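As structure tokens, the structure follows; a few thoughts come after it.
The values are calculated or read from the model by the stated rules, or taken from the named source; none is laboratory data. This structure is a prediction, so every number in the text was calculated from the model and none was measured. Every residue, glycine as well, gets a Cβ built from its backbone with ideal geometry; the counts of neighbours run over all protein chains shown.
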Amino acid sequence: MLNKLPPELLTTVFQNLPFYSQRQCMAVCKIWNSTIKAIVSIATTNKVTLAGYNAIRALYRRVSQDPDQGLAIRAMAFKMKTGEGPPLSRQGMVALWGACPNLEEITFVDVNPFYYLTYMIQDEIAFPKLELLHIADPYCLSSVSRTYIDTVYHFRQTINRLCICFDSLHFPRAANVDSIAGYLQGFRSLRCLSLQTSCGIVLNDIIRACPLLQKLKIDAPPSIFRALVHNIEPATSILENIEIECQLFSQDLYAYLKNSCPYLAQLALFGNCNDSNLIMSIFQGFTHDQTLSITSLSFKDHFCVTSTMLKNIGAWFSNVTKVEFKDVSLTELMDLNNNILMDFGVLRINYLSISLDNIIGHRGSPCKRIALEIISNGAVTWFQRDGKWRSQEQFVCKTAGNYVSNQARDKRSQSKITAIITITSAYVNNIRLHFTDFSSSLNQLIHLKD
């Protein structure tokens, strides 16, 4: 019924939603998506990026002279530059934040935020709408983890996205807890959690502490992680997306996700896997109605992909239509000439995403072009991209007879400067090819005709 409301009424409703809820509503239907995109494009003017101390001082002067500018700001990102004079004083920084009471997001991109976090907690800054207090650099997050843990807890009533690192069991005195789950229990609005820790954790405790959690990432040593403690009743979760270090994946975890997470749609595995056969044996151990009903499967961050794994995805997860490979190891799929065969067997793929960083590589790689061979439903389609990773070139469809012939293919497969990526599947609809390195602009979506 809501999608039948007039756009002007939808606009009024969506404008009063927080950022996170607006983004969720974009996935409901086309009308909502187009309406919210218009709002988001306007809202970008309410986001300020502070590139250095000069920018902070300039914003302080503007909001001091015109309080309405401060009231309009909903997101603030700090990107530091050096050689710009002294920073804004503590009193000035507190006054600046006090002039922006509608802030929903604060992000520190390449800044050590220790002093900023200290100001927030010691001066008891009030951000009644704050949804996100984020430190983008994981090394920086680890270095100020104790200060961050104290500060973000101060805003626990409204925070709905949290990326946090526990290198010890340090908790704010106000929390009066002695466990990670006890600490997280204070964040009653939490929807997304990225947790890195060297302390013992139990997934069921996290789920119970965060009943609204929809997206979860866990990175921890396997020796301190458990899915469930015996004799404890498992919680039922609305979790939709879980991203987990591959060495934590086990039969117990698989069974827990199946029984306690009925809405789980996306599974991502990341990290170096000592034994990919162990992962495959877990997938093979659950058949028919015991399998996870996920529709999206991702492999990330140096996960080693094998041909056996790809070919069996369709058998292990019959509902999967989206597959993603981001910064993974493809050496098991690669021949001596850097050609890669990705055979998905009977899998019907609506969306396939592949990062190319480990294929072309960087300066030391002799590869100067990528040929893309797509074999879907018996039909063969060719694309090619010229240039190394920094090249601005895109993949171009190739149909000329002297290119698509078997003789030409054999010649390319023996070339040291051309890498062929062959994708074979029962059905492929969309393929996204990109580099994760920001020095390359390639981020191309190839849509194959239905």
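Quick notes
- Of all the listed residues (Y263, Y254), the sole one being surrounded by 15 or more Cβ atoms within 10 Å (Cβ to Cβ) and either assigned to a loop (DSSP other than H, G, I, E, B) or of a type outside the set (K, R) (or both) is Y254.
- Residue that is modelled with pLDDT of 95 or more, farther than 20 Å from K217 by Cβ and out of contact with any Pro (no Cβ under 9 Å at 6 or more places or on another chain), where the choices are L352, L267: L352
- Residue match in the stretch 346-353 (condition: over 24 Å from the mean Cα position of the chain (by Cα), farther than 24 Å from T295 by Cβ and not in a strand (DSSP E or B)): no
- Residue check for L372: modelled with pLDDT of 90 or more, surrounded by 14 or more Cβ atoms within 10 Å (Cβ to Cβ) and in contact with a strand residue (DSSP E or B) (Cβ under 8 Å, 6 or more places away or on another chain): yes
- Qualifying residue in the stretch 322-332 (condition: charged (D, E, K, R), part of a loop (DSSP other than H, G, I, E, B) and either under 30 Å from E243 (Cα atoms) or touching a strand residue (DSSP E or B) at 6+ places or on another chain (Cβ under 8 Å) (or both)): yes
- I232, sole failed condition from (1) buried (at least 17 other Cβ atoms within 10 Å of the Cβ); (2) in a loop (DSSP other than H, G, I, E, B); (3) β-branched (V, I, T): (1)
- Criterion (touching a strand residue (DSSP E or B) at 6+ places or on another chain (Cβ under 7 Å), surrounded by fewer than 21 Cβ atoms within 10 Å (Cβ to Cβ) and touching a residue at least 12 places away in the same chain (Cβ under 8 Å)) met by exactly one of C163, C210: C163
For (1) surrounded by fewer than 19 Cβ atoms within 10 Å (Cβ to Cβ); (2) in contact with a Cys (Cβ under 6 Å, 6 or more places away or on another chain); (3) part of a loop (DSSP other than H, G, I, E, B); (4) small (G, A, S), each residue gets a yes or a no:
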| residue | (1), (2), (3), (4) |
| --- | --- |
| Q157 | yes, no, yes, no |
| Q196 | yes, yes, no, no |
| K217 | yes, no, no, no |
| Q247 | no, no, no, no |
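- Residues located in the stretch 169-186, provided they are of a type in the set (A, V, I, L, M, F, W, C) and either buried (at least 21 other Cβ atoms within 10 Å of the Cβ) or over 18 Å from S145 (Cα atoms) (or both): I180, L184
- Selection within the stretch 187-214 - under 20 Å from I149 (Cβ atoms) and out of contact with any helix residue (DSSP H, G or I) (no Cβ under 9 Å at 6 or more places or on another chain): R188, S189, S194
- Of all residues making up the stretch 103-134, the number that are outside any loop (DSSP other than H, G, I, E, B) and either of a type in the set (F, W, Y) or under 18 Å from T158 (Cβ atoms) (or both): 14
- Spans of strands (runs of 3 or more DSSP E) in the stretch 408-450 with at least 2 residues of a type outside the set (K, R) and surrounded by 19 or more Cβ atoms within 10 Å (Cβ to Cβ): 418-425, 427-434
- Meets criteria (part of a helix (DSSP H, G or I), over 30 Å from V177 (Cβ atoms) and either over 21 Å from the mean Cα position of the chain (by Cα) or among the hydrophobic types (A, V, I, L, M, F, W, C) (or both)) for R146: no
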